[in-house]
Amino acid sequence: MCGIVGYSGNKNAINVLLDGLKALEYRGYDSAGIAYRTCNRIEIIKASGKIVNLEKKLKKNTNSNMGIGHTRWATHGKPNETNSHPHRIGKFTIVHNGIIENYESLKKLLIQNGYKFKTETDSEVIAGLLDKLYSEKNDILKVIVELKKLLIGSYALGIICDDIPDKIYAVRKDSPLIIGIGDNENFIASDVPAILKYTNKYMILDDSEIAEINDKVNIYNDKLDIVFKEAITFEGNLEVAEKNGYEHFMLKEIHEQPEVIKNTVSPFLKNGLESLNDNMPDFGKYNKIDIIGCGSAYHAGLIGKSLIEKYADIPVNVYVASEYRYKKIFTDEQTLVILISQSGETADTLACLRKVHEMGINTLAIVNVVGSSLAREADKTIYTKAGPEISVATTKAYLAQITILSLIALAIGYNKKLISEKKALEIIDSYEKLPSIIEKLTCYDYKNIAKALYKKNNCFYIGRGIDYALSMEGSLKLKEISYITSVAYPAGELKHGTISLIEDGTNVIAIVTDKNIADKTISNIKEVKSRGAVITLIVADKIDDDFDFADYKVVTPSVNDFISPMVNAIPLQLIGYMTAKLKGCDIDKPKNLAKSVTVE
Ligand code: G6P
């Protein structure tokens with residue numbers, strides 16, 4: 001949700017900012033812009049649309065050693081050039097990620113003071129406010145402290161003041177911001193990939209801090225005392241931000257999944273059941289679990305519910321974060337709230353964490369981005385080891401999330417003696433085999449299924465139990481990248497209204513992996529088949545039927561319930577991918593979406 005970047009050093013700032021913006025483009029791609037200092041003045045270049053449009057407008061040999069940049073996911077105002085950042089008023093030029101909730105009243109106040117605005121954005125008031133405060137106080141750090149008191153909402157800001165030639169100021173609240181540390185050069189960025197070409201050292205700015213950046217970095221608290229922070233070294237390399245020969249990041253990330261599974265499970269399994277327990281929080285005192293997430297993280301929670309209820313015998317409720325944060329919550333000290341998030345910065349998920357903390361409820365975060373807000377604020381954190389995910393549609397992070405949830409079900413079930421030691425060891429063994437199973441399924445040819453689908457306007461995904469949870473993620477993958485209206489339905493529920501939409505040629509993708517209820521789902525598939533549906537069946541090898549009703553069939557290996565969701569998610573990811581590819585969609589950057597949703 002908007003990416004910001006800033007640079008001060010001895011390199012050509014325009015090139016550094018452009019590299020940073022390209023690496024952050026997954027956060028928003030409605031428009032982009034940069035501001036840089038050249039010949040003692042600030043030059044601003046903006047363009048609507050993707051970063052390549054901005055790139056065409058830049059004179060890259062211009063001499064400049066400092067600047068700020070922004071790639072936008074529009075919230076207030078159309079995604080046109082005027083509304084794109086940076087915004088400049090008086091002596092101040094800013095880039096902003098987040099939402100200023102009280103911008104209208106601030107704007108009124110500034111207008112009364114003679115300020116004029118050019119854009120429809122909430123962000124422009126920040127530049128006006130800084131200019132007004134600076135004209136009164138003339139001390140930039142005190143001005144920023146004052147600014148923070150006046151702003152309501154979320155923000156990560158890169159700030160340049162005309163009077164302070166080489167310095168960038170940065171401040172944040174509830175929106176991510178890191179400070180990249182180089183040799184006599186420093187950076188600000190919304191996320192690590194933006195700086196990786198230049199440095200792998202960074203600091204995370206806290207909500208209460210202000211950063212002052214040129215060839216040195218000073219961090220101040222809100223009393224303006226200097227704060228000493230250790231730099232973190234990013235473990236990984238630049239390859240994460242490159243496609244490495246794959247046509248899209250999404251495809252690359254799908255292919256990375258065998259490695260992701262190995263990395264995610266290895267701390268839990270390297271020493272058998274002992275390390276499983278050593279690396280898990282103590283779940284002993286909980287008799288109820290609430291799982292919270294948005295988008296695919298919510299769908300991962302549904303898989304977790306199915307496994308934890310079945311194998312750990314604990315009731316689990318799964319909620320979409322934007323609903324949970326405003327609902328009446330029934331919890332007590334025996335309730336654990338699990339928050340799932342790839343980015344660890346999703347505004348609604350973070351708000352839920354803060355809400356339940358205020359109620360004194362214990363929290364566990366399942367997070368991909370190390371050091372993210374959710375990871376830092378939760379009582380306990382388990383990291384998915386998916387590495388940076390660039391494609392807006394998640395694949396590897398989702399797979400890592402459901403892997404952790406299945407390990408949680410195993411750990412609780414084993415410790416409650418609901419799963420015997422022998423069985424638990426067999427299950428552990430199966431996680432070791434999972435990467436090669438996934439690899440094989442990744443190589444299957446899904447083109448025929450996609451061909452039957454890519455010209456259609458709608459599609460239904462059906463399944464029961466855990467297969468319904470998988471259907472929801474499969475359906476989301478298809479709709480978000482191919483723009484085909486797609487609905488996931490519990491197979492048995494279709495006949496209560498929705499079946500009226502099934503006609504000759506309607507595509508239905510059915511998932512049947514649970515032997516206990518396979519017959520029931522198969523009956524439901526036949527009901528839609530007899531009304532003209534084109535059936536694609538994702539079916540586990542162990543299900544016995546001749547499947548003569550299926551037009552297309554993917555048979556997945558029979559595996560235990562703990563690893564089955566990871567296995568059966570693969571065809572769903574690739575059906576979505578191939579369909580969007582045949583349609584010629586911009587797969588890594590679907591329209592209207594952003595990877596990290598840091599606004600409500
Ligand atoms: C966005 C992304 C989804 C993601 C959701 C939650 O909508 O496009 O892929 O599942 O946010 O993000 P999180 O970072 O909290 O997992």
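The values are calculated or read from the model by the stated rules, or taken from the named source; none is laboratory data. Computed from a predicted model, the values in this text were never measured in an experiment. Every residue, glycine as well, gets a Cβ built from its backbone with ideal geometry; the counts of neighbours run over all protein chains shown. Please note that ligands, DNA and RNA were not included when accessible areas were found on the heavy atoms of the full protein model with its side chains. Shrake-Rupley method; radii C 1.70, N 1.55, O 1.52, S 1.80 Å.
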Which of the residues belonging to segment 301-319 are among the hydroxyl-bearing types (Ser, Thr, Tyr) and open to solvent by 50 Å² or more (accessible area, probe 1.4 Å)?
TYR311, TYR319
Which one is least open to solvent (accessible area, probe 1.4 Å), of the residues in segment 261-284 that are modelled with pLDDT of 90 or more and among the polar types (S, T, N, Q)?
THR264
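One residue is enough: does segment 386-403 have a residue meeting the conditions over 21 Å from GLU253 (Cβ atoms), of a type outside the set (Gly, Ala, Ser) and within 16 Å of the ligand (Cβ to nearest atom)?
The initial filter retains those residues of segment 386-403 that are over 21 Å from GLU253 (Cβ atoms), namely none.
There is no residue in segment 386-403 that is over 21 Å from GLU253 (Cβ atoms), of a type outside the set (Gly, Ala, Ser) and within 16 Å of the ligand (Cβ to nearest atom).
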Inside segment 556-592, the number of residues satisfying the requirement of being at pLDDT 95 or above, β-branched (Val, Ile, Thr) and not in a helix (DSSP H, G or I) is 3
Restricted to segment 577-600 and to residues being small (Gly, Ala, Ser) and within 12 Å of the ligand (Cβ to nearest atom), the residue surrounded by the most Cβ atoms within 10 Å (Cβ to Cβ) is SER596
Find the residue count for segment 560-573, including only residues that are out of contact with any Ser or Thr (no Cβ under 6 Å at 6 or more places or on another chain) and either open to solvent by 10 Å² or more (accessible area, probe 1.4 Å) or among the basic types (Lys, Arg) (or both).
1
Residue hits (segment 104-143; under 29 Å from the mean Cα position of the chain (by Cα), among the β-branched types (Val, Ile, Thr) and not in a loop (DSSP other than H, G, I, E, B)) are VAL125, ILE126
List every residue pair whose Cβ atoms lie under 6 Å apart, where the two residues are 6 or more positions apart in sequence or sit on different chains, the first residue falls within segment 583-600 and is within 12 Å of LYS479 (Cβ to Cβ), and the second residue, located anywhere, is within 8 Å of the ligand (Cβ to nearest atom).
PRO590/VAL392; PRO590/GLU480; LEU593/VAL392
Residue that is most open to solvent (accessible area, probe 1.4 Å), among those in segment 320-363 that are within 11 Å of the ligand (Cβ to nearest atom) and of a type in the set (Val, Ile, Thr)
VAL320
Just checking, does segment 443-465 include any residue being crowded, with 23+ Cβ neighbours inside 10 Å and within 16 Å of the ligand (Cβ to nearest atom)?
no
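Take ILE517 and tell me if it is part of a strand (DSSP E or B) and either without any contact (Cβ under 8 Å) to a residue 12 or more places away in the chain or within 30 Å of TYR311 (Cα to Cα) (or both). Steps first, please.
Working: part of a strand (DSSP E or B): no; either without any contact (Cβ under 8 Å) to a residue 12 or more places away in the chain or within 30 Å of TYR311 (Cα to Cα) (or both): yes.
So ILE517 does not fit the description; no.
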Can you pull out the residues in segment 161-209 that are more than 26 Å from the chain's Cα centre (by Cα), β-branched (Val, Ile, Thr) and farther than 28 Å from GLU600 by Cβ?
ILE164
Are there strands (runs of 3 or more DSSP E) fully within segment 1-103 with at least 1 residues that are surrounded by fewer than 24 Cβ atoms within 10 Å (Cβ to Cβ)? List them.
31-38, 41-48, 87-89, 92-100
Among the residues of segment 469-498, what is the count of those that are away from the ligand (no atom under 15 Å from the Cβ), under 22 Å from the mean Cα position of the chain (by Cα) and in a loop (DSSP other than H, G, I, E, B)?
1
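Identify all residues within segment 393-404 that are open to solvent by less than 10 Å² (accessible area, probe 1.4 Å) and either outside any helix (DSSP H, G or I) or more than 11 Å from MET280 (Cα to Cα) (or both); write none if there are none. Don't jump to the end; show me each part of the working.
As a first pass, look at segment 393-404 and keep what is open to solvent by less than 10 Å² (accessible area, probe 1.4 Å): 393, 395-404.
Selection gives ALA393, THR395, LYS396, ALA397, TYR398, LEU399, ALA400, GLN401, ILE402, THR403.
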Test for LYS417: is it free of Cβ contacts under 8 Å to residues at least 60 places away in the same chain and in a helix (DSSP H, G or I)
no
